[in-house]
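The structure under discussion appears below in the form of structure tokens.
No value in this document is a laboratory result; all are computed from the given coordinates. Given the structure is predicted, the values throughout are model-derived calculations rather than measurements. Cβ coordinates were reconstructed from backbone atoms using ideal geometry, including for glycine residues, and neighbour counts include every protein chain displayed.
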Ligand code: MN
């Protein structure tokens, strides 16, 4: 068993060490992660400058790029054998609803998935690493259960992609798991202008909006109810429901 681990908070983040710990005894673990915090970089690849790759004293490899760069290098540069599983996280903060689009944590897992490897993204719902130890135990159980699932699937089964959000609670490993769909949230709050000490004007991107669709069955709802949320994701962004209407529109041209 070979497991590739990445994140978006950077190779020094407590969450990635926790995820490595969660995999203890499951197989050979390779870590490829961004050198710096690259949260919110989505699926970005660095195409206009080269990437440097270094190995830290603890064996973690760090890349001067994005989460997707890190997984992409690990999978395509001939550095390691192809992994059986790609893991990302544990992220410092939730990745639910619309934010899965911006998430570098989800993107790192997606990069593995795009290369035909089943992948799981893990996020700790509150920022600040509270109860990371309990979240690590949850991650361990999810990984074990997912590996058993993978072993029971036939060769050539389409690799899946899971997005797991874990409540930041001391009893997280006692909580129920719920398979969910992504909720939706309101658009972000306005960007905020701010002057530096020299009077120059800058802007901060506004914080994420409040939940809009947090109905039963969504990731938001499961988390609010104190459950571990597991959302199966796919890459196809086609608006299937509106496909016939647009086909009509083209026909009327
Ligand atoms: Mn992050």
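Can you show me the helix-derived [θ] at 222 nm for the chain, built from DSSP H runs with n ≥ 4 at -39,500 (n - 2.57) apiece and divided by the number of residues, rounded to the nearest 500. Don't skip to the end; give the middle numbers.
Numbers: 7 runs with 70 residues, N = 253.
Taking each H run of at least 4 residues, the total per residue is -8000 deg cm²/dmol.
How would region 127-253 be classified by its alpha-carbon gyration tensor: rounded, prolate or oblate, with rounded meaning a/c under 1.5 and the a/b versus b/c comparison settling the rest?
Working: a/c = 2.12, a/b = 1.07, b/c = 1.98.
Cα axes put region 127-253 in the oblate bin.
Rounded if a/c is under 1.5, else prolate if a/b beats b/c, else oblate: with a ≥ b ≥ c from the C-alpha gyration tensor eigenvalues square-rooted, which is region 163-234?
Values: a/c = 3.50, a/b = 2.25, b/c = 1.55.
Cα axes put region 163-234 in the prolate bin.
Quick one: Cα convex hull volume of the chain, Å³ per residue? Each step should come with its number before you reach the end.
Details: hull volume 49.2 nm³, N = 253.
Here the figure is 194 Å³ per residue.
Going by a ≥ b ≥ c, the root eigenvalues of the Cα gyration tensor, does region 121-164 fall in the rounded group (a/c under 1.5), the prolate group (a/b larger than b/c) or the oblate group?
Details: a/c = 6.33, a/b = 2.33, b/c = 2.72.
Since a/c reaches 1.5 but b/c is at least a/b, the shape of region 121-164 is classed as oblate.
Please report Rg over Rh for region 14-76, where both radii come from the alpha carbon positions and Rh follows the Kirkwood definition. Before the final figure, lay out each step's value.
Values: Rg = 12.2 Å, Rh = 12.5 Å.
A ratio of 0.98.
Multiply the residue separation of residue 252 and residue 2 by 0.36 nm, subtract the distance between their alpha-carbon atoms, and state the gained length in nm to one decimal.
Numbers: separation 250, 0.36 × 250 = 90.00 nm, distance 5.34 nm.
Here the answer is 84.7 nm.
Could you tell me how many cubic angstrom of Cα convex hull volume region 54-200 has per residue? Don't jump to the answer; show the numbers that get you there.
Working: hull volume 26.4 nm³, N = 147.
Spelled out: Cα convex hull of region 54-200, divided by residues, is 180 Å³.
Could you list log10 I(q)/I(0) for region 96-139 at q = 0.17, 0.18, 0.20, 0.29 Å⁻¹, which the Debye formula gives when each Cα is one point scatterer?
Rounded to two decimals, the profile gives -0.57, -0.63, -0.74, -1.03.
Rank-order 6-17, 169-180, 235-246 by packing density, defined as the average count of other C-beta atoms within 10 Å over each peptide's residues, highest first.
On the way: 6-17: 23.9, 169-180: 15.4, 235-246: 8.1.
Highest mean packing first, the order is 6-17, 169-180, 235-246.
Expressed as a rounded percentage, what relative contact order does the chain have, with Cα pairs under 8 Å and six or more residues apart? List each step's numbers first, then the result.
Numbers: 544 pairs, mean separation 42.9, N = 253.
Rounded, it is 17 percent for the chain.
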